[in-house]
Amino acid sequence: MMKLDTLCVQGARRRDVTGAVTTPIYQSSTFAHPGVGQSTGYDYSRSQNPTREQLERKLAALEGGFGALAFSSGMSAVGALAELMRPGDRIIASEDLYGGTSRLFEHIMRKNGVETGYIDTGDIAALSAALRPETRLVFVETPTNPMMRVTDIRATAELLRGRGVLLAVDNTFLTPYYCRPIELGADIVIHSGTKYLGGHNDTLAGFLVAASAETDEKLRFIQKTTGACLAPFDCFLIERGLKTLALRMDKSSASALKIARRLEKHPRVKAVYYAGLETHYGYELSRRQADGFGSMISFEVDSPETARAVLEGVRLVMYAESLGGVESLITYPLLQTHADVPEEKRLALGITDKLLRLSVGIENPDDIIADIENAFGSTE
Ligand SMILES: Cc1ncc(COP(=O)(O)O)c(C=O)c1O
């Protein structure tokens with residue numbers, strides 16, 4: 001099998017009659033039939049489009065899945081996954097979860113008769129105790145957004161084996177270049193392709209990757225029926241982004257470690273959450289189940305005023321939602337990604353008015369450090 005960095009560039013490539021080196025953008029909503037009852041293999045772009053198919057095949061190869069589906073955003077991918085549930089079914093999810101995912105579970109799935117329980121999925125005993133006969137899905141984010149909690153994917157898959165419970169892993173933060181949950185026993189992998197896979201802060205996208213033909217078929221039916229597929233031009237952009245995934249991940253992760261170490265020493269920083277630090281509780285587990293630690297760092301500063309000063313004082317790093325692109329971004333989970341999480345729950349997780357989340361891009365790390373230290377300086 002090709003190595004992952006090769007797959008990023010050449011994975012699933014099909015020879016085109018023209019010799020085109022990049023995947024053409026098939027900007028066509030529909031496809032003519034050669035004869036009655038005949039098809040070229042493409043009928044209507046909601047069901048399948050050649051540009052999308054190429055991207056999906058590449059992602060399936062990278063994740064080691066049976067098949068992948070490209071959606072118009074990460075949330076539409078999670079929404080399609082949730083359509084596997086029936087009224088009365090239960091979901092168990094990581095308690096520290098991207099706020100949009102818990103909003104979907106709380107405001108859409110609950111209305112549809114599906115309850116979600118939230119636990120630290122890293123605690124296998126707690127997960128085992130939380131399982132009920134109605135549990136159909138365990139939804140794990142690892143590392144979590146924004147507190148960088150880590151879940152043992154293999155141990156979770158082993159616990160769930162034979163119980164009729166699907167294990168879905170949101171692999172947005174690590175990407176298949178660093179972690180392949182299906183190899184560790186997961187049934188479904190989720191991505192916000194908006195982040196590292198696209199990598200340029202220019203395109204919304206989402207993915208579901210199924211380990212088995214059976215799950216792939218069910219998800220394909222849901223996508224075809226609900227229709228949130230990724231447009232051909234956006235598929236082209238995400239595939240182009242994927243070609244440099246390995247380069248970007250290696251560069252930004254090396255920078256993140258350097259920045260995390262510097263932040264740890266800063267007098268105004270009270271805690272740094274980054275699994276690549278030996279002091280992080282999930283360091284050993286992360287090394288076991290992933291080939292890298294990624295480039296997301298959360299850190300707590302000494303006061304809400306300092307947090308505000310950093311957000312308003314950075315010049316190179318941009319104060320903006322999202323992550324995983326070439327430009328470094330800093331966010332305030334309290335007011336952005338986790339604004340919809342009830343206060344009590346938010347505080348229990350550590351998402352306070354002093355917590356900042358940094359997505360390290362591919363700029364020179366010394367410039368990023370200088371920019372943040374300069375913003376701290378403006379508080380003195
Ligand atoms: C871990 C994670 N999963 C899912 C999503 C949702 O993806 P999108 O914004 O592409 O809809 C996000 C977005 O921030 C995320 O960070």
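The values are calculated or read from the model by the stated rules, or taken from the named source; none is laboratory data. Everything quoted here is computed from the prediction, not taken from an experiment. Because the Cβ atoms are built from the backbone with ideal geometry, glycine has one as well, and the counts that use them run over all protein chains shown.
Just a few scattered comments:
- Considering each residue of the stretch 284-303 in turn, at least one proves to be in a loop (DSSP other than H, G, I, E, B), closer than 21 Å to Lys251 by Cβ, within 16 Å of the ligand (Cβ to nearest atom) and in contact with a Cys (Cβ under 7 Å, 6 or more places away or on another chain).
- In the stretch 11-27, residue farthest from the chain's Cα centre (by Cα) [restricted to those that are surrounded by fewer than 16 Cβ atoms within 10 Å (Cβ to Cβ) and in contact (Cβ under 8 Å) with a residue 60 or more places away in the chain]: Gln27
- Leu335 fulfils the conditions (1) of a type in the set (A, V, I, L, M); (2) touching a strand residue (DSSP E or B) at 6+ places or on another chain (Cβ under 6 Å); (3) farther than 17 Å from Arg149 by Cβ; (4) not in a helix (DSSP H, G or I) except for a single criterion, (2).
- Those residues of the stretch 202-217 which are of a type outside the set (Gly, Ala, Ser) and crowded, with 18+ Cβ neighbours inside 10 Å, in sequence order: Thr203, Leu204, Phe207, Leu208, Val209, Thr215, Asp216
- Number of residues in the stretch 92-125 that are under 21 Å from Thr226 (Cα atoms) and touching a strand residue (DSSP E or B) at 6+ places or on another chain (Cβ under 6 Å) equals 1.
- Qualifying residue in the stretch 305-320 (condition: among the polar types (S, T, N, Q), buried (at least 16 other Cβ atoms within 10 Å of the Cβ), within 20 Å of the chain's Cα centre (by Cα) and modelled with pLDDT of 95 or more): no
- For the stretch 70-117, a residue qualifies if it is of a type in the set (Val, Ile, Thr) and within 16 Å of the chain's Cα centre (by Cα), and the qualifying residues are Val78, Thr101.
- Counting only helices (runs of 4 or more DSSP H) that fall entirely inside the stretch 154-248 and contain at least 1 residues that are within 14 Å of the ligand (Cβ to nearest atom) and touching a residue at least 60 places away in the same chain (Cβ under 8 Å), the qualifying elements are 175-178, 232-243.
- Check on Ala275, within 16 Å of the ligand (Cβ to nearest atom), more than 20 Å from Val326 (Cβ to Cβ), at pLDDT 95 or above and not assigned by TED's automatic domain parsing to the domain that holds Pro176: yes
- Residue in the stretch 79-99 that is buried (at least 20 other Cβ atoms within 10 Å of the Cβ), away from the ligand (no atom under 16 Å from the Cβ) and under 21 Å from Pro146 (Cα atoms) present: yes
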